[in-house]
Amino acid sequence: MKAKIIITPKKAVLDPQGKTVQNALEHMGYTGVGAVHVGKYLEIELTNGDKETARKQLDEACHKFLSNPVIEDYRLEIE
Amino acid sequence: MNFAVLQFPASNCDQDAVHALRHVLGHAARYVWHKETSLGDTDAVIVPGGFSYGDYLRCGAIARFSPVMQAVQQFAANGGLVLGLCNGFQVLCEAGLLPGALIRNRSLQFRCEHVHLKTLTADSPFTNQIPSDKLLRVPIAHGEGCYFADEETLAGLKANNRILWQYCNARGEVTDQSNPNGSLWNIAGICNDRRNVAALMPHPERACEPLLGSSDGRLIFESLIHALQNEQRAKVA
C-alpha cells in the first residue's frame, strides 16, 4: 500500500512561487493559464496492511506534522 | 543570568548568540543540544537562527518535535522567558508557542541586509529597555520570513499589544518599501499572550558591538536581562 499526500498553500496565503510560475507560463506563450499553486507531493510506502488504520494515523500526521494548517491544505489518498 | 542557547543540527547563529551573551553582555550562556530532555539550571532560553534539520519539510517543522523542544514547552508553560531569533521564530510558530507562520519571502529572494525596526511597546520582557523613539538597526538574513496569520489572529495580536517590532524605514515610517519580505502589517516580531515567549526574524545577536556595524540589538538582550533581574529581586523580597 502506498499513501499519496498533496499539500498546497491555502488560497488566502500569498504564493509568490505560484505567481512567478504563472507569469512564466504566460510569458512562454501558453494561453488560458489561471492561478498556479505550488505545493508538495509526498509518497509514503505503508507496511501496515489495514487501510483504515493507516488513513487514521496519516491523517493525524498530516495535521500535526506533514502540513501546517495555518498556511496549507492537504489531500490524502491511500491506494 | 544563565542562558540556554539551543543547538539543532544546522543551527548556525547559536555561536553568535552565546558570544553576545557571554562576551558582550557578560552573562553565562551555554549550548543545549537538541537531544537533551532537560534545560538544566536556566533563566531564559534562546532559540537561535540557522536551518535546523536542513529546513526540510518546512522551516522549524522537524526541530519542533525534538526532545529539547518538549523541555522548552514546559519551561514556557511555567512562565520562563523564551526568545526566538530568525529560524527560532519559525520553530516557535511551528511549536504553537507563537501564532501564525513564516512563509517564503514575497520576492522569492534570500534577503541579507540591515533593516530598521520600530518597537511598538515597551510592555514586554523583550522591549522594556528600548526607548520609545529609538529605531533599531539590525541585520536580517532569511528566505522565509514573511509573517502570515489569519485576520482574527492579527486582530488579536494588535488588540493585545503583541506586535513587538515592525519593519520601517530610516525615518520610522512603516511602509511597503521598508518591508523586506512581505510580512503582513510589516510584522518583524511578536510575543505570546502571556508575554513570556517572543521572536523576531532579524538578528539582534549580530548587532551587539560597534565592530559589527550596530549595537542596537543589545537593547533586546538588556531588556531580557532587566526583566530577569526584576523577577529575581521579586523572589528575594
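Rule-based calculations on the coordinates, nothing more; no lab input. Predicted model only: the values in this text are computed from it and were never measured. Positions of Cβ are generated from backbone atoms using ideal geometry, with glycine treated the same way; all protein chains shown enter the neighbour counts.
Observations, loosely collected:
- Under 5 Å from the amide H of B:Met201 lie the amide H atoms of B:Cys86, each residue being 5 or more positions distant or on a separate chain, with H modelled from the backbone and absent for Pro and chain starts.
- Put simply, the amide H of B:Gly189, placed in the peptide plane, has neighbours under 5 Å in B:Leu164, B:Trp165, leaving out anything fewer than 5 places away on its chain.
- Nearest 10 degrees, 0 to 90: helix A:16-27 Cα axis against chain A principal axis: 50
- Cα centroid of the range B:133-166 to Cα centroid of the range B:29-62, whole Å: 22
- Gyration tensor verdict on the protein assembly as shown (Cα atoms; rounded if a/c is under 1.5, prolate if a/b is larger than b/c, oblate otherwise): oblate
- Taking 0.36 nm per residue of sequence separation and removing the Cα-Cα distance, the B:Trp185/B:Phe110 pair yields an extension gain of 25.0 nm.
- The phi-based Karplus calculation (6.51 cos²θ - 1.76 cosθ + 1.60; θ = phi - 60°) puts the 3J(HN,Hα) values of the range B:175-186 at 10, 5, 5, 8, 8, x, 9, x, 3, 4, 6, 6 Hz, whole numbers, x for Gly and Pro.
- Our summary gives the range B:2-161 a relative contact order of 19 percent, counting only alpha carbon pairs under 8 angstrom and 6 or more residues apart.
- Those residues of the range B:123-160 whose amide nitrogen sits under 20 Å from the label point placed on B:Gln177, 7 Å along Cα→Cβ: B:135-138, B:140
- nm² value of the averaged projected area, convex hull over the Cα atoms of chain B: 11.9
- When the pairs A:Lys4/A:Lys64; A:Lys56/B:Lys35; A:Lys11/A:Lys40; A:Lys11/A:Lys51; A:Lys4/A:Lys51; A:Lys11/B:Lys118 are compared against a 19 Å limit on Cα-Cα distance, A:Lys56/B:Lys35; A:Lys11/A:Lys51; A:Lys11/B:Lys118 fall above it.
- Helix-derived mean residue ellipticity, 222 nm - over chain B, DSSP H n ≥ 4, -39500 (n - 2.57), to 500: -6500 deg cm²/dmol
- Relative contact order for the range B:143-200: 36 percent, from Cα pairs under 8 Å spaced at least 6 residues apart, divided by residue count.
- Amide H partners (placed H, <5 Å) of B:Val32, local residues excluded: B:Val5, B:Leu6, B:Gln7
- Over the Cα atoms of chain A, the radius of gyration divided by the Kirkwood radius equals 1.11; this is the Rg/Rh ratio.
- Computed from backbone phi with θ = phi - 60° and the Karplus coefficients 6.51, -1.76 and 1.60, the 3J(HN,Hα) list for the range B:20-28 is 4, 5, 6, 8, 9, 9, x, 10, 7 Hz; x is used for glycine and proline.
- Remark: relative contact order (chain A) = 52 percent; criterion is Cα-Cα distance under 8 angstrom and separation of 6 or more residues.
- With θ taken as phi - 60° and the Karplus curve 6.51 cos²θ - 1.76 cosθ + 1.60 applied, the whole-hertz 3J(HN,Hα) list for the range B:45-53 is 10, 10, 9, x, x, x, 9, 3, 6 Hz, x standing for glycine and proline.
- Distance from the C-alpha centroid of the range A:1-39 to that of the range B:167-201: 28 Å, rounded to the whole angstrom.
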